[in-house]
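First the structure, in the form of structure tokens, and then the observations on it.
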Amino acid sequence: MTLWIESFLVLLMITSLWLLGSSRLLSCIAAVSVQGVLLAALPLLLGIDAPPWRLFLQAGVSLGLKGIAFPLLLLRAVRSVDARREMEPLVGYSLSLLIGVALLAGSLAAGVRMPLPAAGTPVLLVPAAMFTALTGLFVIVGRRSAIVQAMGYLAMENGIAAFGLAIAEQEPLLVEMGTLLDAFVAVFVMGITIFHINREFDHIDADRLSTLKDSP
Amino acid sequence: MEQPVLAVLQFCVALVLAPLVPGIVNRVKAVFAGRRGAPLLQTWYDIAKLLGKAAVYSRTTGWVFRAGPVVGLAGVIVALGVLPWAGSGALLSFDGDLILLAGLLGVMRFVTIIAALDTGSAFEGMGASREAWFSSLGEPALLLGLAAIARTRGSISLAGILGVTSFAPGSAGGAVILLVIGALFVVFLAENARIPVDDPNTHLELTMIHEVMVLDHGGVDFAYIQYGATLKLWVLGGLIMSLLVPRTGQWYLDIAAAIGGLAVVAIATGVVESIMARLRLVRVPQLLVAALAMSALGLALALMNNPPTAALNPPSAALNPPSVAR
Amino acid sequence: MLLLLLPLVAMLLVGLVTASLASAPRAARAVGAIGTCAASAGGLGVTIAALVLGDSSSLSLPWNAAIGASFAVAFDPLTGFFLLPIYGLSAVCAVFGAGYLSHAHHGRGVAAHWLFYSLLVSSMALVVLARNAVLFLVAWEIMSISSWQLVTFEHEREETRQAGITYLVATQIGTAFLLVMFLLLGAGGSAGAAGSLDFANLGASGPAASAAFLLALVGFGTKAGIVPLHIWLPEAHPAAPSHVSALMSGVMIKTGIYGIVRVLSFIGTPPLWWGWTLVSIGAVSGVMGVLFALSQHDIKRLLAYHSVENIGIICLGLGVGLLGMSFGSTTVAFLGFAGALLHVLNHALFKGLLFMGAGAASHAAGTREIDRLGGLLRRMPLTGAAFLVGAAAISGLPPLNGFISELLIFLGAYNAAAAGPAAQAAAAGIVVAALALIGGLAVACFTKAFGISFLGEPRTPAAAAAVEAGPSMTVPVIILAAACAAIGLLGSVAVFLLAPLAGAVARVGPADAAVIMAGTSPGLVKVTIGAGALAALVAGLAILRAVLLSRSSVRSAGTWDCGYTHPDARMQYTSSSFAQPLTGMFHFPLATHRRWTPISALFPVKAEFSSHTPDLFAQGLFRPAFAGIGALLSRLRWLQHGRLQLYVLYVAATLLVLLIWKLG
């Protein structure tokens, strides 16, 4: 089992790179949903000591929300705004990928130095979680379209959830449920907000929203 | 079988069988398109036909244009001599021969570009400029990926890297190899001018990249270029498949397995060419940077999983006092 | 030792004699060129003899003990290795200069030119021979000032004067840092109390060592041309006459590398961050240098930026060496330093070749703009062929010499990546990626430089009227091209000869060095075999083609032009169009300005396009900084009112204050 978890975590890191480098909105949504599915299965592979029915329920709810509900919400937002391709981002895609590599190196260097509470946690878990969270943060900062920023937020939540799995000693499942609820409400609200912003201003370019400020 | 004899045998088998690779690619594309397609041996027939043709040279060109195909083919033949594609040593095996391999492919690229610029035509100039662009981005991905594999296998010669016998798919070492294979496959597609980087079947002037560089060559020169292209497919494909194919130590099984592996790479290329469209020109660098990111990820994982060894340093690794005369 | 100083003295005498012939320009030209060439050739011979014999003599004469100065010179392998390109390239450049200056119309300036040329060469030799800090700095200053004079040879042109001023200011700032560094090393050394600044007494440890290292990087780096201290290079090298550019680019900037290596020998085991610093500097200089080179359309400015790139490659090698030393990995350290040192020699050879070839070509066609050249290979076959060899060598292609030195640096990095600790291996990964990217971009840049200037059709009537240069301008480039090919083909011999020096610099004992060489030599021999196989295959395939074509016809026709009725030579790709994909992709650091006439009608009308890439560091870093300093200092302008009486009053007041201070 531990053999496969390393590859699993590598796949998680690849989905983050996928999110960074893709210019098409549907591709970004696919990346985030795959990330969600991987994270849903992660507690099963980690061997947390809890009754099996709770683990499977947990995985099922996670899968339902992150693998099905969030992509559907995002797709609905995309369709309501009628945007297919993202507008030119603040940081170009190639540069984003290279910065992603630098973030990866930093996460690996920092992650292996952090003390892990449980002896059995795989070495790559903390770096992968950090990298996913940092990628989400970078996407929020570096992109213009509000929908992609919402996806960055999702990635950040995924990273934090994975991090929670690594360090929570007791009741990691409670932490997981908390973050899930948090993310669900956020995406739901963000979807509604994007729809309204688009209806009011005819665009969802977060950069142009700075014209709303008071001072001339 | 003796090592040098085996190396010569590998080399000759590759020289003979290389034109089969584009044949397999085209046959796979034909199957996807519902056609019968050209015979598998079509590339041999084409080369034979071209060797018998007369030559027309442009008045603008000089000796550089005539030297281009010759030096390019010579370079890739020597590169074939460096690659141990069937697992055991090649004709020119040594520590660090992967750099010579990259260098020889660079020679082929350099002479092709300047031969294209010698024609004084804007079409060749366009192709040359784009070829220079893509290959400069592909080199780091190739060399960094090989560094990652060198770390997992603990050797810096191609024979040491490509000649191992075990591969555990679930392990982190396996993840590194899969990542590097992904990166190398992208570089393979870019270097050999395949979809999604370039379409080898288009002949519209503004959309060709590799094809337009060799537009003014004909006859024997074009035969050299075609044959050189098949050898380049063999070299880069051999690099990729050698990372996966298990080695048994029996030379005939190794060669057979390697040929089978190359056929798989050819089929994979044909499938990719059939199901994907060509990328927009500005998206190709992003693809190559993604390959570089995968190589870097592979190296980072390899560094985490393989502790440092003193195997590559001489016995006494202690620092000696400064002895530069003041 | 005296024998080694003889060429120096001879060179100075030649210079003085030439200066005295200022009124007879033709005699001055002849005496100057022949004299410096003979003195340099003699110096080269003496140096080779000293290296072969393993000379390690020294000489020390007292000079001024109050400031710690003494005339101390000595010979060791490092000195001898750097003397080789100094004397060799200056001999070749002197021959080229004779031909180049014969076309120049500065009759009076020629004598002064040869005076400063001889001063430059002898001061460079003295820089690497010196073993006392004060002597070193004096020689360094003479080198800077004489090269400044050589740069401003065509001083009637405004941009040449501006370039000269930029160069002078940059080099003086660098020397200031060197002064502080030497004082720091002298204070920390073994004879701090004795006050002598001989190299044997210099040293530092702890934070003083790190400070000295940083000061050395800035001071020597300004001369070497690392980013961001390189801004004088692309101004000074195009402005200078071609043989002076060749000498400066090939040898003078290497004295900066010599300085860094020498200072490293004063200090003990380097900490890890030094290696990381050099690797970062090398990667940034290399990549930025070649990117700026790609966007230039003046051939000599392109070559100047390429010197920045190659200094980046040398710094990458030095970084790999330092990383090896920090971790005690002898193989990595040896290979890194060997690669860096060999690249110093190789770059001198091929950059000198390229500058002189470009000088001959631009002189024949009357312009340095690549977009006004074209088709020169047919009209200048020897210069063009030599330029092609230089272009292939600088791109690091086998079987030429650039490949051998890059192979050594790659080997050191791969050794570290495959077997070293994580910190060392990560830096090695950066070295591999950076060097691969630099190599690829260099291929793009030099196919552009060679292809657009020498191949295709001439774009202007001036280029069509070019003729091959005289023997004095073609023989030097052919000699250098042959040297590049020789080192490339005999790589194992070159590395074998370099091994003792590399071992000494990397602090690897002879036993370990022998083991490392035993591991590397078979590879290099196989590279030579591969090169031979390549040559044999080329010959064989060419013969096969000739045989096959003898049976059918060979005709000639125009290049296929897709049915255009009037294909024009100016429809060919230009330098900016060839580089456009890459400069467009890297538009963030390059900030190229483009101006063009937009398309407004259905049928073509007269249109224009021009592009210009300013140096990011000059525009964004130094110009604002100097403007700020200028603004600050102009507040003191009120002191300069021009009244004589008040100036005298200033002098008297200062003397009075000093008197009171000393007495009180």
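FYI, it's all coordinate maths here, none of it is from the lab. Model, not experiment: these values are computed from the prediction. A quick note on method: Cβ atoms are made from the backbone with ideal geometry, for glycine too, and the neighbour counts reach across all protein chains shown.
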Unsatisfied cross-links (Cα-Cα over 30 Å) in the set C:LYS254/C:LYS300; B:LYS232/C:LYS300; C:LYS351/C:LYS526; B:LYS29/C:LYS448:
B:LYS232/C:LYS300; B:LYS29/C:LYS448
Can you give me the distance in nm between label points at B:VAL8 and C:ALA607, each placed 7 Å from the Cα along the Cα-to-Cβ direction?
6.1
Can you give me the long-range amide H partners of C:SER57? Hydrogens built in the peptide plane at 1.01 Å from N, cutoff under 5 Å, separation of 5 or more residues or another chain.
C:PHE75
Cα convex hull volume per residue for chain C (Å³):
208
Can you work out the Karplus-derived ³J(HN,Hα) for every residue in segment C:271-281? Use 6.51 cos²θ - 1.76 cosθ + 1.60 with θ = phi - 60°, whole Hz, and x for glycine or proline.
x, 4, 5, 5, x, 4, 4, 5, 5, 5, 4
B:TYR57's amide H: which non-local residues (gap 5+, or another chain) put their own amide H closer than 5 Å, with H modeled 1.01 Å from N in plane and none for Pro or chain starts?
C:ARG555, C:SER556, C:ALA557
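Beyond 12 Å, what percent of the Cα pairs of segment A:27-77 remain?
When every Cα pair of segment A:27-77 is considered, 61 percent fall beyond 12 Å.
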Each residue of B:150-162 has, on average, a number of other protein chain C-beta atoms within 10 Å of its C-beta equal to 3
Per 10 angstrom bin, beginning at 0 and ending with the bin that holds the maximum distance, the Cα pairs of segment C:558-664 fall in percents of 10, 19, 19, 14, 11, 11, 9, 5, 3, 0
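Can you give the Rg to Rh ratio for segment B:3-305, taking only C-alpha atoms and Rh from Kirkwood?
Numbers: Rg = 18.8 Å, Rh = 19.7 Å.
Rg/Rh: 0.96.
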Using label points projected 7 Å from each Cα along Cα→Cβ, tell me how many nm separate B:LEU281 and C:GLU158, to one decimal.
3.8
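Between C:HIS103 and C:ILE67, take the C-beta separation as r, use R0 = 60 Å, and let me know the FRET efficiency to the nearest 0.05. Don't skip to the end; give the middle numbers.
Working: r = 46 Å, r/R0 = 0.77.
Given R0 = 60 Å and the Cβ-Cβ separation, E is 0.85.
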Can you tell me the FRET efficiency between A:ARG208 and A:ALA102 if r is taken as the Cβ-Cβ distance and R0 is 45 Å, rounded to the nearest 0.05?
0.95
C-alpha center-to-center spacing [segment C:549-566, segment C:35-103] in angstrom:
55
Write down the Kirkwood hydrodynamic radius of segment C:5-48, to one decimal in angstroms, obtained as one divided by the mean of 1/r over all alpha carbon pairs.
10.5
Would you mind checking segment C:563-599 for residues with the amide N under 20 Å from a putative spin-label position 7 Å along Cα→C-beta of C:ALA627?
C:589-594
If I model a spin label at C:GLN619 and C:VAL547 as a point 7 Å from the Cα along the Cα→Cβ vector, what separation in nanometres do I get?
5.9
Near the amide H of C:VAL508, under 5 Å away, which other amide H atoms are found, from residues 5 or more places off or on another chain, if H is placed in the peptide plane?
none
Where the eigenvalues come from the Cα gyration tensor of segment C:279-374, what are the semi-axes √(5λ) of the equivalent ellipsoid, largest first, in whole Å?
34, 14, 6
What is the packing order of peptides C:480-492, B:75-87, taking the mean over residues of other C-beta atoms within 10 Å and listing the highest first?
B:75-87, C:480-492
Please identify which residues in segment C:603-626 have an amide N closer than 19 Å to a label point set 7 Å out from the Cα of C:THR565, following the Cα→Cβ vector.
C:603-606
Difference of contour (0.36 nm per residue) and Cα-Cα distance, A:SER27 to A:VAL185:
54.6 nm
Under Karplus coefficients 6.51, -1.76 and 1.60, residue-wise ³J(HN,Hα) of segment A:131-143 in Hz, glycine/proline x:
4, 4, 5, 5, 4, x, 4, 5, 5, 4, 6, x, 10
Residues B:ILE114, C:ILE145, C:ILE430 arranged by fewest to most Cβ contacts within 10 Å
C:ILE145, C:ILE430, B:ILE114
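Rounded, prolate or oblate: which fits segment C:451-562 when a ≥ b ≥ c are the square roots of the eigenvalues of the alpha-carbon gyration tensor, with rounded for a/c under 1.5 and prolate only if a/b beats b/c?
Oblate is the answer for segment C:451-562, as a/c is 1.5 or above yet b/c matches or exceeds a/b.
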What is the calculated FRET efficiency for B:ALA48 to C:SER556, with r their C-beta to C-beta distance and R₀ = 22 Å, to the nearest 0.05?
0.30
Computed lengthening from C:SER600 to C:ALA535, 0.36 nm per intervening residue step minus Cα-Cα distance:
18.0 nm
Using the Kirkwood radius over Cα pairs, work out the Stokes-Einstein diffusion coefficient for segment A:2-199 at 4 °C and 1.567 mPa s, in µm²/s as a whole number.
76
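Show me the ranking of peptides B:127-134, C:351-358 by mean Cβ neighbours inside 10 Å, starting with the highest.
Highest to lowest by the protection proxy: C:351-358, B:127-134.
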From Cα pairs below 8 angstrom and at least 6 apart in sequence, can you work out the relative contact order of chain C, rounded to a whole percent?
11
Here the Kirkwood hydrodynamic radius of the protein assembly as shown, Cα-based and in Å, equals 32.4
Proxy reagent accessibility, fewest Cβ within 10 Å first, across C:TRP638, C:TRP114:
C:TRP638, C:TRP114
Helical contribution to [θ] at 222 nm, DSSP H n ≥ 4, -39,500 (n - 2.57), averaged over chain C, rounded to 500
-24500 deg cm²/dmol
Relative contact order in percent for chain B (Cα pairs under 8 Å, 6+ apart) equals 28
Order of C:322-328, C:642-648 by packing, highest average Cβ count within 10 Å first?
C:322-328, C:642-648
Peptide C:72-83: average number of partner chain Cβ atoms within 10 Å per residue?
1
What is the Cα centroid distance between segment C:422-472 and segment A:1-45, reported in whole angstrom?
42
Among B:THR119, B:THR207, A:THR211, C:THR583, which comes first, second and so on when ranked by fewest other beta-carbon atoms within 10 Å?
A:THR211, B:THR207, C:THR583, B:THR119
Take each complete run of DSSP H in chain B, measure how far its Cα atoms stretch along the helix's own axis, and keep only those covering 27 Å or more with mean Kyte-Doolittle hydropathy at least -1.0; list them.
B:63-82, B:97-117, B:122-153, B:172-191, B:219-242, B:251-275, B:284-305
Each residue of B:282-290 has, on average, a number of other protein chain C-beta atoms within 10 Å of its C-beta equal to 6
